[in-house]
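> The structure follows.
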Amino acid sequence: PYSLSNAAIYDIDEDAQGNIWIGTYGGGLNLANIQADGTLRFLHSGNELKGYPIDKFNRVRRITHNRNGVVLLSCTEGLVTFSNRDRQFFCTQHHRQDTTSLRANDVLQTLVTRDGQVYVTTLGGGIQQVVSDNLLQDNLQFKLIPKMNQGVGYCLSLMEDSQGNIWITREAEVCKYTKYTGLVERFTPHSQTGHNVLTEGASVIDQEGHLWAAARS
């Protein structure tokens, strides 16, 4: 009962308190728990994480956190937030009649920037910014950022560089969004072996400032 809840691991994140959270595509959330004797257990909805809403949020794509101890889960059925202290889970989903709700349930990634702003990209709903002051509540409110939604194809991944610019990986291009000016620059990848299609694999920026994005030829 204390093994991984599912073998399909999509993401691993270490929060500010050193907790190791594991997102699985089919078994929800896991917490790595090292025992006094050095053995490793995994806490999940099947044992000690009883409050986790596994019935709706069993497929977790991405995990991130902010400096205040809030963990955010990007799931195929919405967004889950919780505090790493009391582990009470809150759920955000699309509501058709509410223009401030999540525009689509299939969340690809959530980005927490250095200044504490939270951006969410969904499959079919574009990029939105969280406007709710408190992340620990159900049905967070959002606003659409029109300039961030310029480009070809779905937004698959978000990354912030050391200057605070947000890099947006789309299916056919990468866009650079400068928050302070609203300027959007668009870059199309080129390959000697043919046209590359970018994927939902998380983009990363290395220590030299180079952006790496997952692609398939």
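> Aspartates and glutamates within cross-link reach of K179: Cα-Cα under 15 Å, excluding same-chain residues under 8 positions apart?
Answer for K179, where 15 Å is the Cα cut-off: D115, E160, D161, listed by chain and number.
> Let me ask something else. Would you work out if segment 1-56 is rounded, prolate or oblate? Take a ≥ b ≥ c from the square roots of the eigenvalues of the alpha-carbon gyration tensor; rounded if a/c is under 1.5, else prolate when a/b is larger than b/c, oblate otherwise.
Because a/c hits 1.5 or more and a/b exceeds b/c, segment 1-56 counts as prolate.
> Something else about it: With only alpha-carbon atoms in the gyration tensor, what are the semi-axes of the equivalent ellipsoid for the chain, in Å, largest first?
For the chain, the semi-axes come out at 29, 21, 16 Å.
> Let's test the formula: R0 of 22 Å, r as the Cβ-Cβ distance of E14 and N47. What FRET efficiency results, to the nearest 0.05?
Approximately 0.55, to the nearest 0.05.
> Note the full-extension length gain between H95 and D115 as 0.36 nm times their separation in residues minus their Cα-Cα distance, in nm to one decimal.
So the extension gain works out to 4.4 nm.
> Tell me, what is the per residue accessible area of segment 111-217 in Å², probe radius 1.4 Å?
54
> First select every other residue whose beta carbon is under 15 angstrom from the beta carbon of N139; then total the charges, Lys and Arg +1, Asp and Glu -1.
So the surrounding residues net to 0.
> While we're looking at this one, here's another question. Please compute the net charge surrounding K176, taking Lys and Arg as +1 and Asp and Glu as -1 over other residues with Cβ under 9 Å from its Cβ.
Here the count lands on -1.
> Rg(Cα) of segment 1-105 divided by 2.2 N^0.38 Å?
Rg over 2.2 N^0.38 Å, computed on Cα atoms: 1.08.
> Roughly to the nearest percent, how much of the accessible area of the chain is carbon and sulfur, given a 1.4 Å probe?
Roughly 47 percent, rounded to a whole number.
> Okay, next question. Output the relative contact order of the chain, whole-number percent, from Cα pairs under 8 angstrom with separation of 6+ residues.
Values: 533 pairs, mean separation 22.5, N = 217.
Once divided by the residue count of the chain, the mean separation gives 10 percent.
> Separate question: Name the residue farthest towards the positive end of the dipole of segment 33-82 from the options Y52, G78, T39, assuming +1 on Cβ of Lys and Arg, -1 on Cβ of Asp and Glu, about the Cα centre.
The one lying farthest along the dipole's positive direction is G78.
> Still on this structure, I have one more. Arrange the residues D55, D133, D106, D86 by how much accessible surface each exposes, largest first, with a 1.4 angstrom probe. Walk me through the intermediate numbers first.
On the way: D55 130, D133 160, D106 40, D86 105 Å².
I get D133, D55, D86, D106, largest accessible area first.
> Got a sec? Charge dipole of the chain, +1 on Cβ for Lys and Arg, -1 for Asp and Glu; which of A104, Y25, C155 is way out at the positive end?
Of the listed residues, the answer is A104.
> At what distance in nm do the modelled label points of L144 and D55 sit from each other, each positioned 7 Å from its Cα along Cα→Cβ?
3.2
> Next question, about the same structure. Would you work out the Kirkwood radius for segment 103-169? I mean one over the mean of 1/r across all pairs of different Cα atoms, in Å.
12.3
> Would you mind checking which residues have amide H under 5 Å from H65's amide H? H placed 1.01 Å from N; only 5 or more apart, or other chain.
For H65, the qualifying residues are L72.
> Have a look at S132, G164, V118 and report the one farthest towards the positive end of the charge dipole of the chain, computed about the Cα centre with Cβ charges (Lys/Arg +1, Asp/Glu -1).
S132
The values are calculated or read from the model by the stated rules, or taken from the named source; none is laboratory data. What you see is a predicted model; the values in this text were computed from it and never measured. As a convention, Cβ positions derive from the backbone with ideal geometry for all residues, glycine included, and neighbour counts pool all protein chains shown. We work out accessible area using only protein heavy atoms, side chains counted, and drop any ligands, DNA or RNA first. Shrake-Rupley method; radii C 1.70, N 1.55, O 1.52, S 1.80 Å.
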